[in-house]
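Worksheet: the structure to be examined is printed underneath.
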Amino acid sequence: MKKSTVLIATLAALLIISGTAMKSSMGLESGSIKVAVLGAETAPDLADIQAYLAPFSDFVVVDTFDVSASTPSLSTLLDYDAVLVFSDYACADAIALGDVLADYVDVGGGVVLATFAWYGSTFGLEGRIMTTDYSPLERIGGSLYANATLDWYDSGHPIMEGVSAVKGYYRDNVGLTAGAALVANWSDGYPFVATKGQVVGVSLFPVERAGDPEEWTGDVPTLVHNALLWSVPDTVLELTPDTGIAATTIVGSGGFAANSIITITWDGTPVPTVPQQITTDAYGNFTAIITVPTQNDPGTHVINATDEYGRSAEITFTVVDMTGPQGEQGEQGDTGPAGATGATG
């Protein structure tokens, strides 16, 4: 029996998706993540971080912004899946930067805060991102200028995968905010890595200056990479309902790259869409109607949505068998009366 199923995939606001508690690698394909390094720092030091992040295959883009010169807008930040933020000099507008970062988190962006974000009003970060609603760490005193090494850490946490040794000198004097999850400690007992929602706090100055004995050593590039990757919201496609027949409406939600072309497949085969080309908006949202005119046998089928960077989500949809079981054959009917004899008979 031929069936035609209509799919309406509506991607909800990223804020809804960010409420998903489980973090996984689904949808984070090689070369699919765009990140930015926001530092109140010199161009060579920004380039240093860019250089050690660029080799990671997860990252298709690693851009840098000097936030001591200007503050990026929300529309600029929305070009990226996650950002690393730190300071060495005063920000152009520490309050405005903190506010726009909070706005970015609200719509699904990932943020990694690093030293000297908690320095205080001179060189630190301010605004809403530094409140306990967002930041997993809070300033409790002047910054620490003393060597320490990685001590306790959650070896099962994705941020610590491949991280076993770190030494740091430039650190912030911080404590955990309410509701934050501790991921790692320094050997002197201060928090090193913590998370809250999509925000990661790393109490370590992330720049490596060659020849400076006080700069970090160890697995810092891996740690920063992992923190950025972890902060990116999962891509999710939800179907409501997930069972139906022809003309069933399916509502989906998830997080895709902004301004990206979306391809939707049914059991691995691309399907025609209205509009013909689906492009996400600045928040990664899209709406499309997809008609599947092929033979759809009753049972489970896989719907997949993939953006042009390889970020994808899939879920199963069950087509209901509407034919029903075949009934038993009825009894043979009575034989009718014989017909009249013809003229030639």
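Summary of values
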item: Any chance residue 281 is under 30 Å from residue 107 (Cβ atoms), at pLDDT 75 or above and out of contact with any Gly (no Cβ under 9 Å at 6 or more places or on another chain); result: yes
item: Candidate set: segment 84-100, residues that are in contact (Cβ under 8 Å) with a residue 60 or more places away in the chain and not in a loop (DSSP other than H, G, I, E, B); chosen: the one nearest to residue 283 (Cα to Cα); result: 84
item: Residue that is modelled with the highest pLDDT [pool: residues in segment 87-128 that are surrounded by fewer than 19 Cβ atoms within 10 Å (Cβ to Cβ) and among the polar types (S, T, N, Q)]; result: 122
item: Matching residues in segment 118-134 - criterion: being closer than 27 Å to residue 54 by Cα and out of contact with any strand residue (DSSP E or B) (no Cβ under 6 Å at 6 or more places or on another chain); result: 124, 125, 129
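Residue-wise test of (1) within 22 Å of the chain's Cα centre (by Cα); (2) assigned to a strand (DSSP E or B); (3) in contact (Cβ under 8 Å) with a residue 60 or more places away in the chain.
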{"residue": "113", "(1), (2), (3)": "yes, yes, yes"}
{"residue": "118", "(1), (2), (3)": "no, no, yes"}
{"residue": "146", "(1), (2), (3)": "no, yes, no"}
{"residue": "151", "(1), (2), (3)": "no, yes, no"}
{"residue": "167", "(1), (2), (3)": "no, yes, no"}
{"residue": "183", "(1), (2), (3)": "yes, yes, no"}
{"residue": "201", "(1), (2), (3)": "yes, yes, yes"}
{"residue": "204", "(1), (2), (3)": "no, no, yes"}
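Rundown of residues vs (1) crowded, with 19+ Cβ neighbours inside 10 Å; (2) modelled with pLDDT under 95; (3) touching a Pro at 6+ places or on another chain (Cβ under 8 Å), yes/no style:
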site: 165; (1), (2), (3): no, no, no
site: 188; (1), (2), (3): no, no, no
site: 195; (1), (2), (3): yes, no, yes
site: 198; (1), (2), (3): yes, yes, yes
site: 209; (1), (2), (3): no, yes, no
site: 239; (1), (2), (3): yes, yes, no
site: 247; (1), (2), (3): no, yes, no
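The values are calculated or read from the model by the stated rules, or taken from the named source; none is laboratory data. These numbers come from a predicted model, not from an experiment. Counting neighbours? That spans all protein chains shown, and the Cβs are built from the backbone with ideal geometry, glycine included.
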